[in-house]
Every structure is written in structure tokens, then in C-alpha cells.
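What follows is a short report on a single structure.
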Amino acid sequence: MFVLTALLASACSGGGGDQTDAGDDGGADAAPDAPVYPAPHPPMAQAVSLGGPVMASPKLVAISFDGDSLQSDVDAFASQLASVPSYWSGAVGEYGVGAIASSTFHSSDTPAQDLTDGDVRTWLTDEIQNDASFPQPDGDTIYTLFYPDGVNVTAGFGVTCNEFQGYHDSFPLTASVNVVYAIVPRCPPPPVQGVTAADQMTAEASHEIVEAATDPLPSQQPAYITVDDASHAWEMLAGGEIGDLCAGFGDVFITPTGFDHLVQRVWSNAAAAASHDPCQPQGASPYFNSAPVVGDTIHVAVAGQTVATQGVKLLAGQSKTIDLDLYSDAPTTGPWKISLVDISSAFFGEQPALELSVDSDTGQNGDVRQLTVKLLRPRTGGAIFWVQNDLGSTSTVWLGAVNTN
């Protein structure tokens, strides 16, 4: 159904006897009210800082290695990131991050094929302390290492191009200077027509550099690394930094004017709060979604900790039916298609944890559908469901969580 605005358009004439509205023909119906865009729906997640610093004047140092076939692409990407400000400001400006400057460094070293995070830190420390041509760090420097094909790094949470792609972190060089760095491995591109190895590299690089600027000290003084308490379901899939919150969605990689290869759109608190596409810049318009109305307090695992959040509370074998609020920020070309996904089986290869159904799998702004969630088995840390909405070539997603307590 449409949610209608309240319009008061009648005026009464004075005098005694029977009263009729001015202009009333004695029986004509009033004009229908106009639909509200967006229709009422639960709020989207908001990225939250834990109080650490962000980079007011970030400086990218793009490090590549001689002999790498994509070294010229690394250099071009670094230049474009600084010279095409619309992408950078659209991604991070609202978080207090300023314009980015960039430089390149070509190393004649040949990195080993199997590195550890400790090896990376040792190499950076040696270059900073012993190579006079190597850019020196300050609180706004992001060293980004573009490793050539065949080189992978083992960090505490796995191996690049296996458990994850790239990552960023920091370490103290002295009592007053931290080294902020990002790792961009040469992971194979996805099996998508037209996506090249250079596209894969720059997409991952943009993700890590954006996060390094908005959360430069994640292990020491984290900044934008999580979301508001009610919305932890959004970070259970890929993480809570502003790149992670959008990375799992299929249409967030773009080639803006002025760039040769792909970059990632990232989470915008301002757009999410306004019911627009939360992944910016160049988000979908009109934007549409289907938001589950969850009212239970449950506990889920996020970044190795158990936290309270809003979700659906069920025991194994139980089911619950909740409202699904459909909304768009402007009229769409028609109804969109709703699909429901159990993340445990679809993304993690586990046995299904949830059974999901909806009373009608199409709708549009103002419609309310009935979503039924059944917990098939308890899942440590909580189970996640994915509500996907498709209209033409545009897809959007909402995430929800389920647990027993």
C-alpha cells in the first residue's frame, strides 16, 4: 500500500443553515493524496568512530617493485586518486578527511613469494631508517605496497588472496610516530567480462586506502571501524569499516571519469540517513530497498567480541513473521523483485541456518510485505540473512541477524 500525506484542502463558508465546502459540487470526491518518498522504514546503519584519529591531509605513497608488469598502472592510479578529487571527496569528505596527495616509490628489491606481516613491517622500517630517498612518515602518510603477481602475505587473520584480499594496519615506529600501511596483493580478477588484473588491483587499493584514511590506527586507536549498536548485522558479513560495509554488494565498483580502472564506492552516513544509496559516490538513483522491521535484542559476534544488537530472536525450530517495509527515495519504473538469502549456506558454504519466505516477492515504495524467518539450527555468533531487491540492472541489499539469545 502507499503511505499518503495528509492534505487539508477545504474551506467553509460562513452563515447559517447547511454548510458546503467552497467549490464543492455537492458530491465529488477529493483528489487522492500524493505518495510519500521515501515511505516509512527502519533507519540504515551509521558508521561510528571509536575516537581514534582520521587523516586531515592524507599522503599516499604508492610502492611498486621493478619488473612488475602493472607498475605503470600503479603509478597512474596514484596520480588519478589525487588529481580527480570528486571520487575521493565523495568517498571520505564527510568523515573529516581532506584532499589526498600522492607520490610513487619504485623499489629495486625482489620480494619473497611468501611474506608475513612482520616481514612487511621490517622492510618498511628499514626503508624509512636507511634509504634517504624513501618518503618519511607522519600522521597522514599511507604507505601502500602493491605486490607483484605470486607474492602473498600472511597476517594474523589469514593469507592474502585466500581468507581475504588486502588489508591495512599500523605500527609504532617511535614513541611519537606511527607507520600506517596498506597491502594490495595481486589477487586474480573475478570471472566478470571486462574486469582486468589492473581493475582488480585498483579496486582493492581504493578500498584499503579509503579505510586507512578513516581508520588509520585500527589496532591502536580505532576510528571508523564499526556501526551503531542497533545495526551490527551490517558488519557481520565483511566488517565495519566504510569500505567493508559496501564491499559485499555487486554494483559498488565503478570507473569514474578521469580514472583508467575500477575503484570502490564506500559507506556514506549522510546518504544512508537520507534514505539514498549508502554506497557513494555515484550511487544508484532512484534508490530502493526492503527493510526488515526487527525489534528483538540479540547478541552476535563482531570482530571477535559479543555485542548486543537488534535482530530476530528465535530458538531452533521456531519461526517469526515480521514486517518488510519497502521504500524508495523517488518513483521507480515499477515494482522490484525481492529475494531472500541465508548467508551461512550461500556465502560460507555451511549447512543452512535459516529458512526464509515472503508473502509476495514484488512491491514498491509504501508496500509492506510479511517476511517469515525460521531458525533451522543455532549458529555460533548469530545467523545473517540478506534481502536483495532487483529492478532492471540495479540491485540493493538489506542485512538482518538472528540468534537464540
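The values are calculated or read from the model by the stated rules, or taken from the named source; none is laboratory data. As the structure is a prediction and not an experimental result, all values here were calculated from the model. Here the Cβ is made from the backbone with ideal geometry for all residues, glycine too, and neighbour counts use every protein chain on show.
Only one entry of Glu127, Glu208 meets the criterion of being in contact with a His (Cβ under 6 Å, 6 or more places away or on another chain), surrounded by 13 or more Cβ atoms within 10 Å (Cβ to Cβ) and not in a strand (DSSP E or B), and that entry is Glu208.
For region 286-306, filtered to residues that are touching a Ser or Thr at 6+ places or on another chain (Cβ under 8 Å) and among the aliphatic types (A, V, I, L, M), the residue that is farthest from Thr362 (Cα to Cα) is Ala303.
Taken over region 139-185, the criterion of being within 21 Å of the chain's Cα centre (by Cα), hydrophobic (A, V, I, L, M, F, W, C) and outside any strand (DSSP E or B) is satisfied by Phe157, Cys161.
The single condition from (1) surrounded by fewer than 19 Cβ atoms within 10 Å (Cβ to Cβ); (2) free of Cβ contacts under 8 Å to residues at least 60 places away in the same chain that Pro256 fails is (2).
Residue-by-condition table, conditions (1) surrounded by fewer than 20 Cβ atoms within 10 Å (Cβ to Cβ); (2) in the same structural domain as Val184 (by TED's automatic domain parsing); (3) in contact (Cβ under 8 Å) with a residue 60 or more places away in the chain:
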residue	(1), (2), (3)
Pro38	no, no, yes
Pro42	yes, no, yes
Pro53	yes, yes, yes
Pro58	no, yes, yes
Ala62	no, yes, yes
Asp66	yes, yes, no
Phe77	no, yes, yes
Gln80	yes, yes, yes
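If you take the residues of region 287-299 that are under 19 Å from the mean Cα position of the chain (by Cα) and either without any contact (Cβ under 8 Å) to a residue 60 or more places away in the chain or in a strand (DSSP E or B) (or both), which of them is surrounded by the fewest Cβ atoms within 10 Å (Cβ to Cβ)? Taking the candidates together, the pick is Ala291. All conditions but one from (1) over 26 Å from His261 (Cβ atoms); (2) loosely packed, with under 12 Cβ neighbours inside 10 Å; (3) not hydroxyl-bearing (Ser, Thr, Tyr) apply to Gln113; the one that does not is (1).
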